[in-house]
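Structure, as structure tokens:
The values are calculated or read from the model by the stated rules, or taken from the named source; none is laboratory data. Quick caveat: nothing in here was measured; it's all calculated off a predicted structure. FYI the Cβ positions are ideal-geometry reconstructions off the backbone, even for glycines, and counts take in every protein chain you see.
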Amino acid sequence: MNTSLNQPLNIVILGGGTAGWMAANLMVKRWGSRANIRLVESPDVGIIGVGEGSTPSLRRFFQLIDVEEHQWMPRCQATYKLNISFKYWSPVSGIEAYSHPFPTQVDSFTKRAFMVNTRTRRMGLKTHTLPQDFLLNGLLANEYCGPKAPANFPFKLEYGYHFNSGLLGEFLSELAQQRGVAYQQAHVTSVEQHPNGELAALVTDSSEKIAGDLFVDCTGFAALLMQKTLGVQFNSYKENLFNDSAVVAPTPMLSAEQGDIPVETTSTALSNGWCWKIPLTERFGNGYVYASDFISADQAETEFRQHLGLLDSDQAVNHLKMKVGSLSQHWSHNCIALGLSQGFIEPLEATALHLVQVSIELFMQQFEAGGFSAQNRAQFNQQMAERFAGVRDYIVAHYKLNTRDDSEYWRANRANMALSDSLKQLLHVWYSKEDLSEEIARQNISTHFDDVSWHCLLAGYGAFPDLHPNQPGKGDLYQEQGVQAFLSGCRLNFKSHRENLEALSL
Ligand SMILES: Cc1cc2nc3c(=O)[nH]c(=O)nc-3n(C[C@H](O)[C@H](O)[C@H](O)COP(=O)(O)OP(=O)(O)OC[C@H]3O[C@@H](n4cnc5c(N)ncnc54)[C@H](O)[C@@H]3O)c2cc1C
């Protein structure tokens, strides 16, 4: 068996969902003729077919594989994404809605005012603390602006995308095959192993054997290679993330006369979970993510239909189950897991494909450094465990900080004390009025969500004490530093989202 790139490495990717095709593209681009890559996909098991929002890392993905936006976005009904808007996670007046804009370069001028204001507010003094009013992407999203600025605008803007996941899969599949990835449709029924446990070959339902040096498990929640064959343990996050189900349905996109295309994902809290609304060029994708311990599938569907105005419609909806948690190892023997097979943290911040990409990039670095060495494997597993824990904690914090009182679900989330030590410490620092940025740096966790994102979350949920009876009437940097005027000036450089999308087809 070949264990390095000194001779062509035979890589077998099992699964042709977004994870499988992302891996195929990144590997064939970076390793070229140093690897023979084959992707095997069952004709009988479909892809999950959801997952339509990204973080800014998807931009880096397309840069790494040399694909321009005009080549993929129109084909995948893609739109730009600057922000996530959280609605009704709190019933408190003034913070019924808040935003988590993707942090961007211009924020360096305004983020200090935001952080100082949140700290002043933690002291009981009245200041402006709504995240979207301090961060350029929040303002642009509010005004339906796209992220494309003229060349003389001196700052780089961060943004992600929304896209049709089925079309993205087709695009990535075609591209990978053009670049030399072999594609085979076959249903795998068993796996042969070497005496030392390493995987030797996949065995298909027509008894064909597909041998390889490195296997990549992209079989979705089935986790055929890592869990079922190698017996790697799956650690559930059920005790701190209750949601395990979703019901999804599309709704029509607005025409140009009806309005502009949002440049953000909306996450609206419902009675026992939350509903996403993702704008694509041709439609909206919607999904109610809920906890089946608190509401039945039928009740959730009724509430979802009501929310979308589909109560009297016979439009079909799709019910999904989610396995929330992560593997105890993401690389075991000569196999790595990517995508839903390696774990899933519910889609509140659309982090799944981000984690797929990070996993592939870190794996390729480790493998180039030392092949299948135990040390590289251990380092990779450690890095992935930290990434998953970091993302999980940020998502858990949304639920912990909610202030809704309309169902047992929201109260149980707020009362939940199954928090990691890291998250407990972050909350302690915040409530003790200490420096949260310093704590994030000390814990070295800003690769997941940086200090701006944490301040958005805590300020967005209004995690503040009551106001002090005596107010000095000064010290609000939003006013004193003219943040609004500065951002409004920046905004003049941006066109509407629709204009940015139309420019891709010129
Ligand atoms: C409700 C929900 C919402 C989501 N929203 C987002 C989001 O907004 N943003 C985001 O980044 N992610 C999101 N995700 C996650 C995202 O959908 C997945 O990470 C992504 O689609 C990758 O899936 P996958 O490729 O791992 O698995 P799948 O798409 O399930 O693909 C599995 C593949 O394995 C193959 N396979 C399985 N068994 C066999 C077998 N025995 N033999 C051969 N082949 C086999 C299947 O044929 C298929 O090709 C969401 C997920 C859910 C559940």
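Give all pairs with beta carbons closer than 7 Å in which a residue from segment 47-62 that is under 18 Å from Val28 (Cα atoms) meets a residue that is modelled with pLDDT of 95 or more and near the ligand (Cβ under 6 Å from one of its atoms); count only pairs at least 6 apart in sequence or on separate chains.
Note: pairs meeting the criteria are Leu58/Leu353.
Residues in segment 23-44 that are more than 8 Å from the ligand (Cβ to nearest atom) and either buried (at least 24 other Cβ atoms within 10 Å of the Cβ) or closer than 18 Å to Leu168 by Cα (or both): how many?
Number satisfying all stated conditions: 9.
If a residue must be free of Cβ contacts under 8 Å to residues at least 60 places away in the same chain and more than 23 Å from the chain's Cα centre (by Cα), how many such residues does segment 380-413 contain?
1
Taking the residues in segment 293-315 that are in a helix (DSSP H, G or I) and small (Gly, Ala, Ser) as candidates, determine which candidate is farthest from Ser267 (Cα to Cα). Quick ask: steps written out before the conclusion?
Going through segment 293-315, the residues in a helix (DSSP H, G or I) turn out to be 297-308.
Of the ones still in play, those that are also small (Gly, Ala, Ser) are 297, 300.
Working: Ala297: 20, Ala300: 16 Å.
Looking at residues that are in a helix (DSSP H, G or I) and small (Gly, Ala, Ser), I get Ala297.
Could you say which residue among Ala369, Ala378, Ala374, Ala352 is surrounded by fewer than 16 Cβ atoms within 10 Å (Cβ to Cβ), closer than 21 Å to Ala24 by Cα and hydrophobic (A, V, I, L, M, F, W, C)?
Ala369
Quick one: which residue in Lys424, Lys433 is away from the ligand (no atom under 16 Å from the Cβ), in contact (Cβ under 8 Å) with a residue 40 or more places away in the chain and surrounded by fewer than 20 Cβ atoms within 10 Å (Cβ to Cβ)?
Result: Lys433 is the single residue among Lys424, Lys433 that is away from the ligand (no atom under 16 Å from the Cβ), in contact (Cβ under 8 Å) with a residue 40 or more places away in the chain and surrounded by fewer than 20 Cβ atoms within 10 Å (Cβ to Cβ).
Sort out which residues of segment 222-231 are in a loop (DSSP other than H, G, I, E, B) and either within 14 Å of the ligand (Cβ to nearest atom) or outside the structural domain of Val188 (by TED's automatic domain parsing) (or both), and write them in order of number.
Of everything in segment 222-231, just one residue is in a loop (DSSP other than H, G, I, E, B) and either within 14 Å of the ligand (Cβ to nearest atom) or outside the structural domain of Val188 (by TED's automatic domain parsing) (or both), namely Ala223.
Which condition does Leu504 not pass, out of (1) surrounded by 20 or more Cβ atoms within 10 Å (Cβ to Cβ); (2) at pLDDT 95 or above, if it passes all the others?
Only one criterion in (1) surrounded by 20 or more Cβ atoms within 10 Å (Cβ to Cβ); (2) at pLDDT 95 or above is unmet by Leu504, namely (1).
Within segment 128-142, track down each residue that is part of a loop (DSSP other than H, G, I, E, B) and surrounded by fewer than 24 Cβ atoms within 10 Å (Cβ to Cβ).
Passing the criteria: His128, Leu130.
Go through segment 405-420 and report how many residues are assigned to a loop (DSSP other than H, G, I, E, B) and either surrounded by 14 or more Cβ atoms within 10 Å (Cβ to Cβ) or of a type outside the set (D, E, K, R) (or both).
Residues meeting the conditions: 6.
If I ask for residues that are modelled with pLDDT of 95 or more, part of a loop (DSSP other than H, G, I, E, B) and over 24 Å from Thr351 (Cβ atoms), which ones from segment 75-126 would you list?
Thr110, Met123, Gly124, Leu125, Lys126
Give, as residue ranges, the helices (runs of 4 or more DSSP H) completely inside segment 421-489 that count at least 3 residues that are over 23 Å from the mean Cα position of the chain (by Cα).
421-431, 436-443, 477-480
Can you name every residue in segment 52-71 that is on the phi < 0 side of the Ramachandran plot, more than 16 Å from the ligand (Cβ to nearest atom) and either out of contact with any Ser or Thr (no Cβ under 8 Å at 6 or more places or on another chain) or not in a helix (DSSP H, G or I) (or both)?
The answer is Gln63, Leu64, Ile65, Val67, Glu68, Glu69, Gln71.
Before we move on, is Gly49 at positive phi and more than 6 Å from the ligand (Cβ to nearest atom)?
Taking the combined requirement at face value, the residue satisfies it.
Picking from Val181, Val191, which residue would you name as being free of Cβ contacts under 8 Å to residues at least 40 places away in the same chain, in the same structural domain as Gly32 (by TED's automatic domain parsing) and crowded, with 16+ Cβ neighbours inside 10 Å?
It is Val191.
It is to be established whether one or more residues within segment 235-255 are within 30 Å of Lys148 (Cβ to Cβ) and out of contact with any strand residue (DSSP E or B) (no Cβ under 7 Å at 6 or more places or on another chain).
Looking for residues that are within 30 Å of Lys148 (Cβ to Cβ) and out of contact with any strand residue (DSSP E or B) (no Cβ under 7 Å at 6 or more places or on another chain), one finds at least one in segment 235-255, hence yes.
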